[in-house]
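Structure first, then comments.
Values in this text are rule-based calculations from the coordinates and carry no lab data. Quick caveat, the model's predicted, so the values are computed rather than measured. Cβ placement follows ideal geometry from the backbone for every residue including glycine, while neighbour counts extend to all protein chains displayed.
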Amino acid sequence: MLDIQKIRADFPILKREVRPGIPLVYLDTTATSQKPMSVIQAMNDFYQNYNANIHRGIYSIAEEATAAYEGARERIARFIGIKDPRQLVYTRNTTESINLVAYSWGRKFLHEGDLIILTEMEHHSNLVPWLMLAEERKLRLEFIPITDRGELNLDEYRKLLELTPKLVSFTHMSNVLGTINPAREIIRLAHLAGAIALVDAAQSVPHFPVDLTDLDADFAVFSAHKMLGPTGIGILFGKIKLLEAMPPFMGGGDMIKKVQLCSFTTNDLPYKFEAGTPPIAEAVGFGAAIDYLNSCGMENVAAHEQEIVKYALPKLEEIPGVKVYGPPAERKGAVIVFSVEGIHPHDVAQILDEVGIAVRAGHHCAMPLHQKLELPASTRASFYIYNTKEEVDFLAKGIRKVIDYFK
Amino acid sequence: MDDLYRELIIERYKNPQFKGTLDPHDYSFTDENPLCGDEIRIDLRMGEDQRVKEAVFSGHGCAISQASADLLLESIIGKTLDEVKSLNKQNVLDNLGIELGPVRLKCALLGLKVLKAGVYGLGEASDDLVED
């Protein structure tokens, strides 16, 4: 079990008041998580004590910086069940990771008429890169439909697989509905159909134990900032054979072995995909975030969130006029998306902000999913290791206040 | 909250005075704010004196966007098209009587954007239309 009060004490921002006397109730981790002091300190320590560019420096602090940058990669690899850290490419974020795959793997291996399978619950980051590629290469796209409960319809998925896709790209956990998709089964079926599988793990890796070796994912992508780390750094995991066969994404320093005026040879993995000075301080911070989550234990993180969502769902559902979307608590993460009858999500979020509650209102970068749910927009509350049941009560009270206000 | 959701705004949101559609109309235009899913249509009828005789809006959105559109249409009755074209951000804020951050400003200005795109006969409503 996690000691939530002890955890909260590690996050400086949770001590602030939004306005005098109004403490911050942060319920928007799905957008970005807050950062513990250890992550902030690790990045400060880098800038204060061993800031240097990595890889070719001969002097001590450059070696320290390189060791910290690569040490973080090794810890991240272990965290997701990967033995060989060469399979992890540092990117800017989940979005860049998917764009890298679409640009590099997609342009080399996908041809006119080839099929990509996506789902109806994807974030724009796992839609738009494929829409762009499909337009350029005249590819076909199919979408696994969702059920009324907001879960993937696997029978329809099996039918789509008969169309022999080249790629299945899907979210492990929906950033809107909280639905946790059966990744291992989706990947197994994709492989049987001869396709490779990309897992958008932006919402899964931060919230429950994920073993990419066990899932047998071909590609997986996630961001540091959603798992206590800094913005500006993310991960692309790829199987060695795939990464080796892919042409570089961007050209520049560090991604080359040898350059002549009219030719170059690419560097080894993962540096082939890391052109230019990378986010070094951010990698250090990412490593510290991994250490923090390891000290919590991901099973404990998942158990705490499950407890919160089990507590929160009935609390919100019992409020007259509130409709909650998505699967039952045991099949979802700690993301709750809801509507309040007759009140626009912007008004809900604005009035909740008045009492210090930070929730998100809009389409959460998933416009097609909202069209499917027949909602112009929704309000979303999401939870992490630092959230408490008292905050859930506070949210429920806040929503009742919103309803009173508009009555 | 008492600032942002002044009684006037809540009142106009709950009981808009200029809501509906006009058929036939002299001008009609629809646009949306894709960020929040708000959509507003504005229909105008001109009088023989070439001034706005009737103006109504329809669609859906948050309290700020709906109240703002309602107050805006009230303010243009009797105005010439040139006067409507000269309206800007400040007129909308004056109608509402509040200060708004950048996100909610978009909500408040949706009605004006639609109105101006309609009277200029443009294909789409642009942010440039509401700048001072």
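In the range A:304-391, which GluC sites (Glu not before Pro) are in a loop and have at most 16 other Cβ atoms within 10 Å, using DSSP for the loop call?
Sites meeting the loop and neighbour criteria: A:GLU318, A:GLU341, A:GLU374.
Between A:TYR311 and A:ALA9, what FRET efficiency follows from the Cβ-Cβ distance if R0 is 22 Å, with the result rounded to 0.05?
0.50
Hey, can you list the DSSP H helices of chain A whose Cα span along the axis is 20 Å or longer and whose average Kyte-Doolittle score is at least -0.5?
Numbers: long enough: A:60-79 (28 Å, -0.40); A:280-296 (25 Å, 0.95); A:298-317 (28 Å, -0.35); A:389-406 (26 Å, -0.18).
Helix filter hits for chain A: A:60-79, A:280-296, A:298-317, A:389-406.
Tell me which lysines have Cα within less than 28 Å of B:LYS116's Cα, excluding those fewer than 8 residues away on the same chain?
Those lysines meeting the cut-off are B:LYS14, B:LYS19, B:LYS53, B:LYS79, B:LYS85, B:LYS89, B:LYS106.
At 7 Å along the Cα-to-beta-carbon direction for both A:ASN300 and B:THR21, put a label point, then send me their distance in nm to one decimal.
Result for the modelled spin labels: 5.9 nm.
Using the beta-carbon distance between A:GLU63 and A:ASP216 and R0 = 22 Å, what value does 1/(1 + (r/R0)^6) give for FRET efficiency, to the nearest 0.05?
So the FRET efficiency works out to roughly 0.05.
Antiparallel as a % of all DSSP beta bridges within the protein assembly as shown, to the nearest 5?
Once the DSSP bridges in the protein assembly as shown are tallied, antiparallel ones form about 70 percent.
What is the Cα centroid distance between the range A:339-382 and the range B:76-132, reported in whole angstrom?
25 Å
Taking 0.36 nm per intervening residue step and subtracting the Cα-Cα distance, what contour gain separates A:ALA52 from A:MET1 on full extension?
So the extension gain works out to 14.4 nm.
Can you give the calculated 222 nm mean residue ellipticity of chain B, where each DSSP H run of n ≥ 4 adds -39,500 (n - 2.57) and the sum is split over every residue, rounded to the nearest 500 deg cm²/dmol? If you can, show how the numbers build up before the last one.
Values: 5 runs with 54 residues, N = 132.
Value at 222 nm, helices only, nearest 500: -12500 deg cm²/dmol.
When a/c reaches 1.5 or more, the comparison of a/b and b/c decides; with that in mind, is chain A rounded, prolate or oblate per its Cα gyration tensor?
Numbers: a/c = 2.07, a/b = 1.24, b/c = 1.67.
Oblate, since a/c reaches 1.5 and b/c is not below a/b.
Could you work out how much longer the chain between A:LYS159 and A:THR32 gets when fully extended? Use 0.36 nm per residue separation minus the Cα distance between them, nm to one decimal. All intermediate terms of the calculation are to be shown ahead of the outcome.
On the way: separation 127, 0.36 × 127 = 45.72 nm, distance 3.59 nm.
Stretched fully, the A:LYS159-A:THR32 segment lengthens by 42.1 nm.
Report the percentage of all Cα-Cα pairs in the range B:7-121 whose separation exceeds 18 Å, rounded to a whole percent.
Summing the P(r) tail past 18 Å for the range B:7-121 gives 43 percent.
Run through the range B:28-130 and list the GluC sites (Glu not before Pro) located in a DSSP loop whose Cβ has at most 13 other Cβ atoms within 10 Å.
Details: sites: B:GLU32, B:GLU39, B:GLU48, B:GLU54, B:GLU74, B:GLU83, B:GLU99, B:GLU124; in loops: B:GLU48, B:GLU99, B:GLU124.
Qualifying residues, ordered by number: B:GLU48, B:GLU99, B:GLU124.
How long is the gain from A:LEU131 to A:VAL18 if the chain were fully straight, where each residue apart is worth 0.36 nm and the alpha carbon distance is subtracted? Walk me through the numbers before you get to the answer.
On the way: separation 113, 0.36 × 113 = 40.68 nm, distance 4.00 nm.
Fully extending the segment from A:LEU131 to A:VAL18 adds 36.7 nm.
Quick one: Cα centre-to-centre distance for the range A:154-171 and the range B:19-48, in angstrom?
Here the two parts' Cα centres lie 43 Å apart.
In whole angstrom, how far apart do the alpha carbon centroids of the range A:7-70 and the range A:257-307 sit?
Value for the Cα centre distance between the two parts: 15 Å.
Just in the range A:1-89: which trypsin sites (Lys or Arg not before Pro) are loop by DSSP and have at most 15 other Cβ atoms within 10 Å?
Passing both the DSSP loop test and the Cβ count: A:ARG16, A:ARG56, A:LYS83.
Once both labels are modelled 7 Å past Cα along the beta-carbon direction, what's the A:ARG188-B:LEU35 spacing in nm?
Using points 7 Å along Cα→Cβ, the separation is 4.5 nm.
Can you tell me the FRET efficiency between B:ASP127 and A:ILE40 if r is taken as the Cβ-Cβ distance and R0 is 30 Å, rounded to the nearest 0.05?
Computed FRET efficiency for B:ASP127 and A:ILE40 comes out at 0.25.
Of chain B, which part is the longest with no trypsin sites (Lys or Arg not before Pro) in a loop (DSSP not H, G, I, E, B) and with at most 15 other C-beta atoms within 10 angstrom? Provide the component values of the computation, followed by the final result.
Numbers: sites that count: B:ARG6, B:LYS79.
Of all site-free stretches, the longest is B:7-78.
For peptide A:339-351, how many partner chain Cβ atoms fall within 10 Å of a residue's Cβ, on average? Walk me through the numbers on the way to the answer.
Details: counts 0, 0, 0, 1, 3, 12, 3, 14, 13, 1, 2, 10, 4.
Neighbouring Cβ atoms belonging to other protein chains average 5 per residue here.
If I model a spin label as a point 7 Å beyond the Cα along the Cα-Cβ vector, how far apart are those points for B:THR80 and A:LYS257 in nm?
Going by the 7 Å Cα→Cβ label model, 7.7 nm.
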